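Enquirer: One structure is given below, represented as structure tokens, and several questions about it will come after.
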Amino acid sequence: MTLEHVAIWTNRLEELKNFYVTFFNGTCSNKYTNAGTGFESYFITFAGGTRLELMYKAGIPDNLNNPIDQYLGIIHLAFHVKTMAEVDQMSELLRNADYAILRGPRKTGDGYYEFETMDPDNNRLEICTVWSE
């Protein structure tokens, strides 16, 4: 079994689409629009085949994700890269684009090298690889 996709509501559909395409090398589908319901979405496909569905519809409440506090439920999306150098490069790329680096890059107790950041809607992201000496 594989994880097919994760869906995210957003009030900034185009901005979020551009973020994942630009910084995470996602490939974007054509925009789906349901004129009757006002629903709009894109699927962003990543190298391993997993996808994000980015969705917009008027009236969806704002995201309450907080860069410091954590709550029950899904807490982050993790993106795997091949090397520790790629983790460092992604960290610098996002930092230079004025995205906050919440923690890292760092070695974790469970054998990963990672950093944490937030997307434009404050969804927590982790970029990681296996630690190597």
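The values are calculated or read from the model by the stated rules, or taken from the named source; none is laboratory data. Computed from a predicted structure; not experimentally measured. Methodologically, a virtual Cβ is constructed for each residue, glycine included, from the backbone with ideal geometry; neighbour enumeration extends over all protein chains shown.
Enquirer: Just to check your reading of the model, which residue among ASN30, ASN122, ASN66 is assigned to a loop (DSSP other than H, G, I, E, B), modelled with pLDDT of 95 or more and of a type outside the set (D, E, K, R)?
Expert: Values: ASN122 fails: modelled with pLDDT of 95 or more; ASN66 fails: modelled with pLDDT of 95 or more.
Selected residue: ASN30, the only one of ASN30, ASN122, ASN66 that is assigned to a loop (DSSP other than H, G, I, E, B), modelled with pLDDT of 95 or more and of a type outside the set (D, E, K, R).
Enquirer: Determine, yes or no, whether GLU15 is among the charged types (D, E, K, R), modelled with pLDDT of 95 or more and either on the phi > 0 side of the Ramachandran plot or in contact with a Phe, Trp or Tyr (Cβ under 9 Å, 6 or more places away or on another chain) (or both). Walk me through how you get there before you give the answer.
Expert: Numbers: among the charged types (D, E, K, R): yes; modelled with pLDDT of 95 or more: yes; either on the phi > 0 side of the Ramachandran plot or in contact with a Phe, Trp or Tyr (Cβ under 9 Å, 6 or more places away or on another chain) (or both): no.
So GLU15 fails the test.
Enquirer: Out of the residues in segment 120-133 that are under 19 Å from ILE75 (Cβ atoms) and touching an Asp or Glu at 6+ places or on another chain (Cβ under 9 Å), state the one that is surrounded by the most Cβ atoms within 10 Å (Cβ to Cβ).
Expert: In the first step, residues of segment 120-133 are kept if they are under 19 Å from ILE75 (Cβ atoms); the result is 120-128.
Subsequent filtering for residues that are touching an Asp or Glu at 6+ places or on another chain (Cβ under 9 Å) retains 120-121, 124-128.
Details: PRO120: 13, ASP121: 17, ARG124: 18, LEU125: 21, GLU126: 20, ILE127: 26, CYS128: 20.
Ranking the qualifying residues of segment 120-133, first place goes to ILE127.
Enquirer: So which pairs qualify, if the first residue must be in segment 77-92 and without any contact (Cβ under 8 Å) to a residue 12 or more places away in the chain, the second must be among the small types (Gly, Ala, Ser) and surrounded by fewer than 16 Cβ atoms within 10 Å (Cβ to Cβ), the Cβ gap must be under 9 Å, and the two must be at least 6 apart or on different chains?
Expert: Close Cβ pairs satisfying both conditions: none exist.
Quick grid of which residues meet (1) over 16 Å from the mean Cα position of the chain (by Cα); (2) acidic (Asp, Glu); (3) surrounded by 14 or more Cβ atoms within 10 Å (Cβ to Cβ):
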site: ILE74; (1), (2), (3): no, no, no
site: LEU77; (1), (2), (3): no, no, yes
site: HIS80; (1), (2), (3): no, no, yes
site: MET84; (1), (2), (3): yes, no, yes
site: SER91; (1), (2), (3): no, no, yes
site: LEU94; (1), (2), (3): no, no, yes
site: ILE101; (1), (2), (3): no, no, yes
site: PRO105; (1), (2), (3): yes, no, yes
site: THR108; (1), (2), (3): yes, no, no
